[in-house]
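The values are calculated or read from the model by the stated rules, or taken from the named source; none is laboratory data. Since we're looking at a predicted model, the values are computed, not measured. So basically every Cβ, Gly included, is an ideal-geometry build from the backbone, and we count neighbours across all protein chains shown.
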Amino acid sequence: MSHPERLSSAGGDPAGTITEPPRSNGMGSVSLAEFAARHGLTRSAARPRLRAYVQELWQRRTFIWNFASAKTAATYSGSRLGQVWQVLTPLLNAGVYFLIFGLLLSQSKGIENYTAFLITGVFVFTFSQRSLTAGAKSVSNNLSLIRALHFPRAALPFAYVIMELQQLLISMVVLAVVVVATGEMPTWHWLLLFPALALQLLFNVGISLAIARVGAFTRDIQQLLPFITRTWLYVSGVFFLVADKVKALEERGHGWLGHILEANPGAVFIELVRDSIMHESYRATLAKAGAAQPTMLWVYAVVWALVAFVGGFWYFYRAEERYGRG
């Protein structure tokens, strides 16, 4: 009795085999692309249209939030203090910076309530710094998930920024306690904290998306980022009054450099939060330094948020079908 796999088809070929590609009305062979197009087949990893892509991303908003929450819990699960480190880490950083810049380098001279001034700068800048660093590895560290499931890849950078946002919200509660404890009283200016952080969130998502695409194809960027973020930290007014440095640069004939320093997005969001949560002492510090009151901060913040978010999203979306390949 013959084995089934040895039986021949009507044409004399082994059953279950294809001896030649499909033919088009007897007019020669056709390519796989033409065959797929004829039967309405599409690539499973093809980039969808932008509108459909945004809709898919919105439909997965619960996944993004839960993924971020799970990542946050896993980050500190191996330590004895657990989630307490979400507060301790930025506070310890602020303590170190206060020792170095406030006491040893005397950067606190002329600045009202330097403790709140410094901690505000550290907390706000850390949000952008960690979002950028996390975004760089959001795709490359989740290749198994990308290859196993179909979902908009932008969900990963979004989730990592949401993870940092969750930590920032805890830090803001601590900051409010510190600010009140150091003599600042809540005023209606505190309400401006919400739009300021919302604009920073948009900005952080944008830069996270952009760096996520770079990090997906160039792993070396993760080695370079610490130097970039450290330089960004030192020029963003975390330890000093930006208006004071701008005025000094103008007096030396380097006004153009002062404008760059003033428009630096890291400094812009820090100054906005300071102006809202410690309004009286911040304005008093500006007056003591003979610096002009901030007038362009909100303009800079809106422009940076929109440019970063729209540009970063578009840049990431254009490579959607390439993530997880190889």
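At-a-glance table
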read-out: Cross-chain or 6+ apart pairs with Cβ under 6 Å, segment 143-166 first and among the basic types (Lys, Arg), then modelled with pLDDT under 95; value: Arg147/Gly324; Arg153/Glu320; Arg153/Tyr323
read-out: Leading residue by the ranking (farthest from Ala248 (Cα to Cα)) among those in segment 287-296 that are surrounded by fewer than 19 Cβ atoms within 10 Å (Cβ to Cβ) and in contact (Cβ under 8 Å) with a residue 24 or more places away in the chain; value: Met296
read-out: Subset of segment 135-152 [part of a helix (DSSP H, G or I) and either over 11 Å from Ile207 (Cβ atoms) or in contact with a Cys (Cβ under 7 Å, 6 or more places away or on another chain) (or both)]; value: Ser140, Asn141, Asn142, Leu143, Ser144, Leu145, Ile146, Arg147, Ala148
read-out: First in segment 85-97 and more than 15 Å from Phe239 (Cα to Cα), second anywhere and in a helix (DSSP H, G or I) and of a type in the set (Gly, Ala, Ser), Cβ under 8 Å, 6 or more apart; value: Gln86/Ser171; Val87/Ser171
read-out: Criterion: without any contact (Cβ under 8 Å) to a residue 60 or more places away in the chain and not aliphatic (A, V, I, L, M) - qualifying residue of Gly312, Gly253; value: Gly253
read-out: Elements of type helices (runs of 4 or more DSSP H) in segment 46-126, at least 3 residues being within 25 Å of the chain's Cα centre (by Cα), of a type in the set (Phe, Trp, Tyr) and modelled with pLDDT of 80 or more; value: 61-75
read-out: Flag if Phe158 is over 26 Å from Leu241 (Cα atoms) and aromatic (Phe, Trp, Tyr); value: yes
